[in-house]
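Below is one structure, written out as structure tokens; comments come after it.
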Amino acid sequence: MNETPATPTENPAIPRSLAETAADWIVRRDGGDLSPEEIRAFDAWRAEPAHRRAFERMEVLWGILDGEPAMSTEREAPRPAAESLERAPPQSALPSPRQRPHKRWAARGRSTAPRPRKHAIRTSAALAASLALVVLGTVQDWATWLQADYATAIGERKTVALEDGSTVELDSGSAIALDFSPARRGVRLLAGAAEFRVAPDRARPFTVAAAGGSATALGTVFAIRDSGKHAEIVVTEHRVRVAGQGRSHVVGEGQRADFAADRLGPVEPAGSGATAWTRGRLVVVDRPLGEVVSEIARYRHGYIGVTGPAATMRVSGVYDLDHPLAAIDSIERSLGLASFRLSSRLIVLHR
């Protein structure tokens with residue numbers, strides 16, 4: 001009998017604060033033996049049904065992030081997280097590291113043996129937040145992709161030919177929805193970034209909606225990226241009319257501007273490399289490392305981040321987005337940083 005997929009109501013998104021707490025318990029458990037007081041605190045926290053569900057879902061993701069690709073086509077059927085937790089020792093639902101396979105905590109240039117408990121606890125907050133971001137992105141993206149007419153997976157770029165002769169190049173993890181009619185050509189940028197090469201049609205304006213604002217082509221080529229808070233437009237040929245905050249202005253060739261429902265930034269020079277992502281490159285000139293790593297992380301599954309003072313270091317360079325892990329390794333070596341890694345799916349750079 002076919003199973004019915006879980007609906008959003010049956011499998012709701014985990015609130016970020018709850019995901020961070022659940023992840024923190026997982027990290028503390030795998031970092032060393034818990035004291036009796038900590039075990040009692042965990043049991044009390046997990047007695048709440050919502051906390052238990054969050055912990056079980058984080059356990060599933062933790063296993064995925066820490067797993068290695070299977071070498072055989074025959075795989076052991078995965079055991080539900082709830083089942084594995086129910087088989088824990090009676091005194092607590094949170095088993096000690098001795099009762100579980102060892103997680104691969106490793107830092108470049110250092111031993112892969114288990115870290116001292118104090119170090120594990122010291123890093124648990126950063127890792128909990130990192131893992132929470134992975135979980136939240138994983139469980140909430142469904143709403144975007146259900147609306148999309150065209151979308152790309154993580155690490156994929158794709159060129160789409162539209163019915164009017166225009167083309168759209170979608171960046172990694174991007175999605176658009178079309179709203180074409182005899183009177184207009186509408187596109188909604190649901191996520192990520194896209195470059196538009198617009199076919200002329202005076203009778204039907206070509207408008208892209210993003211972040212609550214809009215951009216209407218007065219020429220041919222422009223790119224828009226939705227950052228979540230606002231959208232950025234870069235015009236590479238001719239002009240585009242950009243609207244936001246109840247106002248509008250024209251962005252010309254070689255210029256950029258930010259816009260949103262409540263924002264319309266000034267028109268500025270775009271700078272070199274503004275659309276280098278269409279060629280698989282990220283061009284950086286004197287930007288904080290945290291921003292740069294966040295950009296690279298969009299091209300790879302899992303989580304890559306920077307914590308502490310390293311996040312504010314200013315960097316410049318050209319990075320290969322088709323090989324994001326190699327780019328991160330290069331950054332780590334060139335800046336003399338260290339990294340905290342859970343296999344290759346969770347990487348946190350630090351000084």
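Read the figures in this text as sums done on the coordinates, not as results from a lab. All values derive from a computational prediction rather than experimental measurement. With ideal geometry, Cβ positions are generated from the backbone for all residues, glycine too; neighbour counts draw on all protein chains shown.
Laid out as a table, the results:
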item: Convex hull (Cα only) mean projected area of region 163-219, reported in nm² to one decimal; result: 3.7 nm²
item: Surrounding net charge for residue 262, when Lys and Arg each add one and Asp and Glu each subtract one, Cβ distance under 13 Å; result: +2
item: Gained length - residue 147 relative to residue 159, 0.36 nm times residue gap less alpha-carbon distance; result: 2.4 nm
item: Under 5 Å, built H, 5+ apart or other chain: amide partners of residue 221; result: 198, 236, 237
item: Sequence ranges 218-224, 341-347, 48-54, ranked by mean other-Cβ count within 10 angstrom, highest first; result: 218-224, 341-347, 48-54
item: Spin-label pair residue 179/residue 351, simplified geometry with 7 Å Cα→Cβ offset, distance in nm; result: 4.7 nm
item: Overall Cα dimensions of region 230-351 - principal axes, largest extent first, Å; result: 47, 28, 25
item: Over region 129-282, relative contact order from alpha-carbon pairs under 8 Å, at least 6 apart, %; result: 14 percent
item: Long-range HN-HN contacts of residue 154 with modeled amide H, under 5 Å; result: 173
item: Other-chain or far-sequence residues with amide H under 5 Å of residue 191's (modelled H); result: 175
item: Farthest toward positive dipole pole in region 259-312 [+1 Lys/Arg, -1 Asp/Glu at C-beta], among 306, 276, 292; result: 276
item: Extension gain from residue 229 to residue 272, taking 0.36 nm per residue of separation minus the Cα-Cα distance; result: 13.1 nm
